[in-house]
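These notes are about the structure you will find just below.
The values are calculated or read from the model by the stated rules, or taken from the named source; none is laboratory data. As the structure is a prediction and not an experimental result, all values here were calculated from the model. Cβ sites come from the backbone with ideal geometry, for glycine too, and all protein chains shown count toward neighbours. Note: areas computed on protein heavy atoms with side chains; ligands, DNA, RNA excluded. Shrake-Rupley method; radii C 1.70, N 1.55, O 1.52, S 1.80 Å.
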Amino acid sequence: VLSKEMASCHIVDSLEKSRALCTGAEEVSYFKLLLEKSESDGHIDRRQMHCLDNKAERNTVFNDQRFESLMEAVKSNTARFEGLEANVEAINNSVNAIRKGLKHK
């Protein structure tokens, strides 16, 4: 027979693993029911419940196709900005070299 503390440890561990599997609204809905039951049975406190709920919600967002598309666009724009910065730096170096050449004449 498991003690209540040992059972709570196993339940919290299972909830942590389960929240990683939440990739859509339906999974999150069922997960929230599990959290409420675990809290009402005294295995987790309200803070743990909200923390696990928040992690499951974030997991859903990060697995959303729209989020992935947005992140790809951000990476693409970042690469373009880095390329522009390199071009501006090269132009600046060229202008400085021309200035130095004109000063020596």
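When the criteria are applied in full, LYS32 fails the requirement of being modelled with pLDDT of 90 or more and in contact with a Lys or Arg (Cβ under 6 Å, 6 or more places away or on another chain).
Among residues belonging to region 59-105 that are under 30 Å from VAL28 (Cα atoms) and aromatic (Phe, Trp, Tyr), point out the one that is least open to solvent (accessible area, probe 1.4 Å). Among residues in region 59-105 that are under 30 Å from VAL28 (Cα atoms) and aromatic (Phe, Trp, Tyr), the one least open to solvent (accessible area, probe 1.4 Å) is PHE67.
With GLU68, GLU89, GLU72, GLU57 as the choices, which residue is assigned to a helix (DSSP H, G or I) and closer than 21 Å to SER14 by Cβ?
Working: GLU68 fails: closer than 21 Å to SER14 by Cβ; GLU89 fails: closer than 21 Å to SER14 by Cβ; GLU72 fails: closer than 21 Å to SER14 by Cβ.
Residue meeting the stated conditions: GLU57.
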